Amino acid sequence: NCTQAIEFGLAGFTKDPATQITLFLLFLLTYLVTILGNLGMIALIRASPLLHSPMYYFLSNLAFVNLCTSTIITPRMLLGILLGKNGMSYAGCMAQVFTIGLFLITECFLLATMAYDRYVAVCHPLLYPLVMSPERCSRLVAGSYLLGLANGVGQTLGMSSLSFCSSSTINLFFCDISLLISLSTSDTTLSLIILRTASCLLGVPTILVVLVSYVAIILTILSISPAQGKHKAFSTCASHLTTVSAFYGALIFMYLVPRSDSSRGVDKWAAVLYTVVTPMLNPLIYSLRNQDVKEAWKRLRKI
């Protein structure tokens with residue numbers, strides 16, 4: 001006796017009113033910083049000729065993707081905490097699965113592209129204008145969005161074939177494909193194949209590109225830079241790798257690591273890391289530790 005679900009329940013974080021108020025204020029502040037940081041980064045890159053280079057072209061697209069990812073999830077989460085409405089329609093859930101699948105994979109490829117860009121700039125500076133030409137940069141960004149779109153469509157099609165009972169409740173604050181598959185009352189083989197294949201073919205290669213690029217950058221810095229330059233370069237690389245590691249680590253935990261029911265509570269905080277925290281940190285890390293961005297901001301303030 002199973003009636004097809006027309007709405008899903010979202011478990012959220014807690015039922016305690018005091019904790020809910022604290023979480024609401026914390027996530028609201030985080031979202032405001034995310035919006036201002038990413039919009040400010042996009043506007044500054046567009047307005048300043050000093051930042052019209054491949055690195056900042058990729059960074060502006062990363063800021064746009066971070067903005068979209070956070071906006072898809074955080075306002076709905078804040079509304080649920082504020083009004084206590086934790087339900088989401090089936091159509092709304094499908095829309096979230098599609099958009100999250102699109103932007104997460106797009107971000108993975110943008111991060112890999114940015115790491116490769118830095119590798120060419122540091123390790124092969126003479127070839128940089130040829131390798132990272134405007135046409136190639138446009139193709140890399142377009143390819144990132146197209147692969148993200150393919151992932152979003154694939155995940156949505158896989159979910160559309162699943163059946164859910166009317167009492168389905170997702171133990172998270174948004175519609176996550178991996179938890180939806182575990183809740184389904186029908187055969188989930190196809191959906192699991194699509195999810196694992198997309199994770200392995202689209203996610204894992206981008207992680208390897210980031211790792212290999214930064215290892216090559218670090219080895220090059222060690223071999224050619226003076227002591228002061230090494231400290232500065234390592235400091236910048238460390239800050240970039242921290243946010244990238246947090247993003248990829250949370251994704252690996254959610255989609256590639258098998259978990260027992262007792263560890264499901266950790267899912268919420270892993271999801272917070274890649275949907276709420278890293279979209280806020282990225283513009284801060286790439287701007288506050290970047291001399292070109294600081295200089296561009298000073299010039300605009302003088303105009």
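Annotation note: Cβ proximity below 7 Å between a residue of the range 7-24 that is within 26 Å of residue 180 (Cβ to Cβ) and free of Cβ contacts under 8 Å to residues at least 60 places away in the same chain and a residue that is surrounded by fewer than 16 Cβ atoms within 10 Å (Cβ to Cβ) and not acidic (Asp, Glu) (sequence gap 6+ or interchain) occurs for 24/82.
Of the residues in the range 23-36, at least one is under 23 Å from residue 175 (Cα atoms), open to solvent by 30 Å² or more (accessible area, probe 1.4 Å) and within 15 Å of the chain's Cα centre (by Cα). A Cβ distance below 9 Å, combined with a sequence gap of six or more or placement on separate chains, defines the contacts here; from the range 111-133, residues that are at pLDDT 90 or above reach residues that are open to solvent by less than 20 Å² (accessible area, probe 1.4 Å) and not in a helix (DSSP H, G or I) in the pairs 116/132; 117/132; 120/132. Considering the range 247-262, the residues that are open to solvent by 30 Å² or more (accessible area, probe 1.4 Å) and either farther than 20 Å from residue 101 by Cα or of a type in the set (A, V, I, L, M) (or both) include one that is modelled with the highest pLDDT, namely 252. Has the range 164-187 got any residue that is of a type in the set (Gly, Ala, Ser), open to solvent by less than 30 Å² (accessible area, probe 1.4 Å), under 24 Å from residue 270 (Cα atoms) and part of a loop (DSSP other than H, G, I, E, B)? Yes, there is a match, as at least one residue in the range 164-187 is of a type in the set (Gly, Ala, Ser), open to solvent by less than 30 Å² (accessible area, probe 1.4 Å), under 24 Å from residue 270 (Cα atoms) and part of a loop (DSSP other than H, G, I, E, B). Residue check: residue 72 meets all listed conditions (1) closer than 17 Å to residue 278 by Cβ; (2) surrounded by fewer than 21 Cβ atoms within 10 Å (Cβ to Cβ); (3) out of contact with any Phe, Trp or Tyr (no Cβ under 9 Å at 6 or more places or on another chain) but one, namely (3).
The values are calculated or read from the model by the stated rules, or taken from the named source; none is laboratory data. Quick caveat, the model's predicted, so the values are computed rather than measured. Here the Cβ is made from the backbone with ideal geometry for all residues, glycine too, and neighbour counts use every protein chain on show. The area values use the complete protein model at the heavy-atom level, side chains included, leaving out ligands, DNA and RNA. Shrake-Rupley method; radii C 1.70, N 1.55, O 1.52, S 1.80 Å.
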